[in-house]
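The values are calculated or read from the model by the stated rules, or taken from the named source; none is laboratory data. From a predicted model like this one, the values you see are computed outputs, not experimental measurements. Cβ atoms come from the backbone with ideal geometry, glycine included; neighbour counts cover every protein chain shown.
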């Protein structure tokens, strides 16, 4: 396989596949976003694919990341691929590069393989990096901050790690995970020593012309065993006061973020607490949009909106400070974003959740899971929710 590959898969027969080329910017620790702006401006009329680590926050705000780093994913990756194929109804159309038989066949074979889960059993032993008692104590400590009025909501996460994993054992992870999740913002990203297997249901932000749209998710329910049970679970999720409160809090945060870069009076909540049904879960999704001010760059928009509020909490900066204090791992790409910038400057970015990250040099796998902690949270329930989420991911990669 070619050394660099990115597959953005909407799981409706459409997507983007990029591969080849060594025109790549990798920054281990970001202190400024200047290099990103230069990389983009020096490649006009080109597709650029990217990974934004959660820890890019340190180049935006006066924050740092000192916790343990299991897979050492860089803070950012920007890559201008040799070939980009648009996939529409499973047909391939070359968007960037020169089509050769070899490139076309690679793309065709990759798409074909990605549609077919291997179903080969893959035994990988993940270990939680925090004990249950410690987790419960930390959730209760965060709730004390909420009670004092120090914070409204914190997205508190934990990490599961598998070590001594040889590269051959991970090659089926993406097809197996995607076969289970069928998520609309699924992605596979491979470069250098890293492979990312992402089954995300969530969009971060999308720019089309002067319209910027965010679609935060807060609120999850499992799928039912039959149609009647499914409808009951949807109704319960839609009317759950805790889930609605979490979602609305993040909608308010996103409205505030967008107002920094929006034309006056253009920020709008297009959908509030709507429930979308995916293959394995129901999700509560809201949609916030705005018309952008003129002459804004990609960097301007990222500075105003990143990291996404659904993965921090509110207020955002205080939430990130508490995340650094109470979590025991560096999030890296988890809670960050994968996506692309098109030649006309439009872009579409996901939220990196339901994801496994692999470092072949360290032979380590990392999987993060979390939940929103509010004043109404029960620590035991939050722990169980995280367990359910991670089990879905592990079941997915196991085939």
Query raised in the report: Residue check: is residue 163 touching a residue at least 24 places away in the same chain (Cβ under 8 Å), in contact with a helix residue (DSSP H, G or I) (Cβ under 8 Å, 6 or more places away or on another chain) and surrounded by fewer than 21 Cβ atoms within 10 Å (Cβ to Cβ)?
Result: no
Report summary line: Restricted to the range 283-311 and to residues being over 15 Å from the mean Cα position of the chain (by Cα) and in a helix (DSSP H, G or I), the residue nearest to residue 246 (Cα to Cα) is 304
Query - Residue within the range 328-343 that is part of a strand (DSSP E or B), in contact (Cβ under 8 Å) with a residue 60 or more places away in the chain, buried (at least 22 other Cβ atoms within 10 Å of the Cβ) and more than 18 Å from the chain's Cα centre (by Cα) present - result: no
Report task. Tell me, please, whether a residue that is under 30 Å from residue 59 (Cβ atoms) and without any contact (Cβ under 8 Å) to a residue 40 or more places away in the chain can be found in the range 301-320. Result -> no
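Within the range 18-28, is even one residue within 27 Å of residue 322 (Cα to Cα), surrounded by fewer than 14 Cβ atoms within 10 Å (Cβ to Cβ), free of Cβ contacts under 8 Å to residues at least 60 places away in the same chain and within 22 Å of the chain's Cα centre (by Cα)?
Yes, that holds for at least one residue.
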Requested in this report: Find the strands (runs of 3 or more DSSP E) located wholly in the range 58-107 whose residues include 2 or more that are free of Cβ contacts under 8 Å to residues at least 24 places away in the same chain, and list them.
Outcome: 91-96
**Report entry** Residues that are part of a loop (DSSP other than H, G, I, E, B) and within 21 Å of residue 368 (Cβ to Cβ), drawn from the range 142-165
**Finding:** 151, 163, 164, 165
Query raised in the report: Restricting the range 35-54 to residues that are more than 29 Å from residue 183 (Cα to Cα) and under 23 Å from the mean Cα position of the chain (by Cα), which is surrounded by the most Cβ atoms within 10 Å (Cβ to Cβ)?
Result: 39
Query raised in the report: Would the range 256-263 turn up any residue that is outside any strand (DSSP E or B), buried (at least 21 other Cβ atoms within 10 Å of the Cβ) and at pLDDT 95 or above?
Result: yes
Query raised in the report: Are any residues in the range 181-239 in a helix (DSSP H, G or I) and touching a residue at least 60 places away in the same chain (Cβ under 8 Å), and if so, which ones?
Result: 181
